[in-house]
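Presented below is the structure to which this report refers.
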Amino acid sequence: MKNNYLVVNDCTNPYYNLALEEYLLTHHMEGVIVMLWQNDNTIVVGRHQNTMEEINQQYVKEHGIRVVRRTTGGGTVYHDLGNLNYSVIADRGEDDRDEMRYFTEPVVEVLRELGAVARFSGRNDIMIEGKKVSGTAQRIFQNRILHHGCLLFDSDLSVVSKSLHVRSEKFNSKAVKSVKSRVGNIRDYMPEEVTIEVLKERLACKMLDDAGYEMLALTEDELAGIERLKRDKYETWEWNYGQPINCAIHNYKKYEGGTVEVYMNVREGRIEECLMYGDFMALRPASEVADGLTGCRYRYEEVLEVLRDFRIRDYFGTIGAEEVAACICCVPE
């Protein structure tokens, strides 16, 4: 019988926390691991987003907000100590179950048990009375899947709109008003006073299915490996901001499953360089698809043929190959 493990991580440094999460995914290949953690004053950018275009750089600098890129898809989020983050690492399901809903259901159940009428909605959200209180994302590594989410418990929501750039396609009215109107804090929907510590305890028990668990102890070598990953990846400008290309073509489309943004150099009718951004729910890095397009002729039919060589839902969630190809080649809807 495989063991269940709990990691209660008291560190609030986002670079360390994401390094720890990735290390657990790539080095602990058995059992279910649940980690509960918090980041202090941090913007967390989705794996395929263009950081420079997502954040209000002046506000972030003036207020000492750290910026870090995670390895999962989805959109940019703001973390403070009023948020509770959870990570679940487990073997990937053998059937075609809805992995997002499967891992989100225990969180929804806990919130309901505590008196908040929560539900899973859309592609990756938990909602209470029409307000988004949590976003979730996933990635796979070999036979393992990482599912994680950020729960808005008692967060300073005013910082969200000030620290981020919000595209007009996302909200119809001004960004500040729109962000405040669509997100909420879980604490405001609790009929009785509940602390974030109580929420932690209830989540741990529910996610580990009340089956008992061990506290995961890391060795000195493992801790050193996590520190190296933090230093060499998560603290670097290259990872968090990336190095953009001097592109000749820039296309952008918004679909029901998220946004897709493509930067390309095309020479003599063939794609020479390609970068792909967006808030789509990816399980694998879209850079693999972008690399596969190198050398392809810049024609919709041939781009689509390359895309169909990939299991496209692992890279773009519910956005189909035809839609991705239409964005790359700027085919009108």
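Placing +1 on each Lys and Arg Cβ and -1 on each Asp and Glu Cβ, with no other charges, gives the range 289-333 a dipole about its Cα centre of roughly 60 debye. Semi-axis lengths, largest first, of the ellipsoid equivalent to the range 1-83 are 28, 15, 9 Å, with √(5λ) applied to each eigenvalue of the Cα gyration tensor.
Taken along the Cα-to-beta-carbon direction at a fixed 7 Å, the label points for Val331 and Met215 span 5.7 nm. The alpha carbons of the range 242-328 give a radius of gyration and a Dmax of 11.7, 33 Å, in that order. Each peptide among 31-37, 325-331 gets the average number of other Cβ atoms lying within 10 Å of its residues, and from highest to lowest they stand as 31-37, 325-331.
For the range 202-243, the solvent-accessible area works out to 63 Å² per residue, with a probe of 1.4 Å and every protein chain left in place. Shown here is the pair-distance distribution of the range 1-150: with all Cα-Cα distances grouped in 5 Å bins from zero up to the longest one, the shares run 2, 9, 18, 21, 21, 16, 9, 4, 1, 0, 0 percent. Working from label points 7 Å from Cα in the Cα-to-Cβ sense, the Glu222 to Val117 distance is 4.3 nm. Available extension along the chain between His165 and Gln142 is 4.8 nm, counting 0.36 nm per residue and deducting the alpha carbon span. When the solvent-accessible area of the chain is split by element, carbon and sulfur atoms take up 46 percent of it, the probe being 1.4 Å.
With the convex hull of the Cα atoms taken as the outline of the chain, the averaged projected area works out to 17.6 nm². Under 5 Å between amide hydrogens, built in the peptide plane, is the criterion, and for Phe141 it picks out Leu146 among residues at least 5 positions away or on other chains.
The values are calculated or read from the model by the stated rules, or taken from the named source; none is laboratory data. Predicted model, so just to flag it, every value in this text is computed and none were measured. Because the Cβ atoms are built from the backbone with ideal geometry, glycine has one as well, and the counts that use them run over all protein chains shown. Heavy atoms of the whole protein, side chains included, go into the accessibility calculation; ligands, DNA and RNA do not. Shrake-Rupley method; radii C 1.70, N 1.55, O 1.52, S 1.80 Å.
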